[in-house]
1. All other residues with a Cβ under 11 Å from the Cβ of VAL6 taken together, and with Lys, Arg as +1 and Asp, Glu as -1, what is their net charge?
2. Calculate one ³J(HN,Hα) per residue across the stretch 80-93 by plugging θ = phi - 60° into the Karplus curve 6.51 cos²θ - 1.76 cosθ + 1.60, and present them in order as whole Hz with x for glycine and proline.
3. Roughly how many Å² is the accessible area per residue of the chain, as a whole number, for a 1.4 Å probe?
4. For the stretch 14-28 and the stretch 30-53, write down the distance between their C-alpha centroids in whole Å.
5. For the ranges 115-126, 86-97, what's the packing order if you count other beta-carbon atoms within 10 Å of each residue, average per peptide, and put the highest first?
6. Within 15 Å, Cβ to Cβ, of GLU47, how many net charges do the neighbouring residues add up to if Lys/Arg are +1 and Asp/Glu are -1?
7. Between the stretch 123-163 and the stretch 63-119, what is the separation of their alpha carbon centroids in Å?
8. Starting from 0.36 nm per residue, how many nanometres of slack lie between THR89 and ASP9 once their C-alpha separation is accounted for?
Amino acid sequence: MDIELVQGDITEQHVDVIVNAANSSLLGGGGVDGAIHRRGGPEILAECRRLRDTRYGKGLPSGEAVATTAGRLPARWVVHTVGPVHSATEDRSAVLASCYTRSLRVADELGATTVAFPAISTGVYRWPMEDAARIAVEAVQAASTGVRTCRFVLFDAPAYAAFERALSAARG
Ligand code: ADP
């Protein structure tokens, strides 16, 4: 698998799957979630509402992932995943890693080969960027998947630099 790093806006990526750092309500929020719904249009929210009415009556649990249309975005699908809120007292790293592996599994089910990820949990969920980058890179590298290209889309230069360090550490 090729791992690419890009500094920019995830909603502008021309890939099969864009991963959304959603919240468990699936009904929209700030950050990546807000940008995806704003640019993708109402079709995405309509599908999310249907998921709440059917499979996910109590919301999408953290660490899990589910696909919808990408609406007007240049991608084919949005895969929504819910990152864990960072905790100083409880190690939730496995849940964060699961966001990446479960999203790749959903991408596999869709037949997607290119996937763009944001830095899940590093916004309102306050996960320290350096640690989140290491967990993200290790999770996608270890995943057994048909996805050929995994692109991390980092919003700013410090996030990009953290992912660069994580990638070079993982490559040894
Ligand atoms: P979470 O709730 O999982 O913490 P957020 O959406 O609040 O998710 O933030 C996750 C990361 O995505 C943060 O580092 C934030 O700066 C970044 N981000 C926000 N908007 C975008 C965007 N349009 N494209 C890419 N990354 C974004």
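The values are calculated or read from the model by the stated rules, or taken from the named source; none is laboratory data. These numbers were taken from a predicted model, which means no experiment stands behind them. All Cβ positions, glycine included, derive from the backbone under ideal geometry; neighbour counts span all protein chains shown. In case anyone asks, the SASA skips ligands and DNA or RNA and just uses the protein heavy atoms, side chains included. Shrake-Rupley method; radii C 1.70, N 1.55, O 1.52, S 1.80 Å.
1. Working: positive: ARG151; negative: GLU4, ASP9, GLU12.
That sum, taken over residues with Cβ under 11 Å, equals -2.
2. Values per residue, Gly and Pro as x: 8, 9, 10, x, x, 6, 5, 10, 7, 10, 10, 7, 9, 4 Hz.
3. Working: 8120 Å² over 172 residues.
Per-residue value: 47 Å².
4. The distance from the Cα centre of the stretch 14-28 to that of the stretch 30-53 comes to 8 Å.
5. On the way: 115-126: 22.9, 86-97: 13.9.
Descending packing order for the listed peptides: 115-126, 86-97.
6. Working: positive: ARG49, ARG50, ARG52, ARG55, ARG72, ARG76; negative: ASP33, GLU43, ASP53.
Here the count lands on +3.
7. Measuring centre to centre over Cα atoms gives 11 Å.
8. Working: separation 80, 0.36 × 80 = 28.80 nm, distance 3.20 nm.
Value of the extension gain: 25.6 nm.
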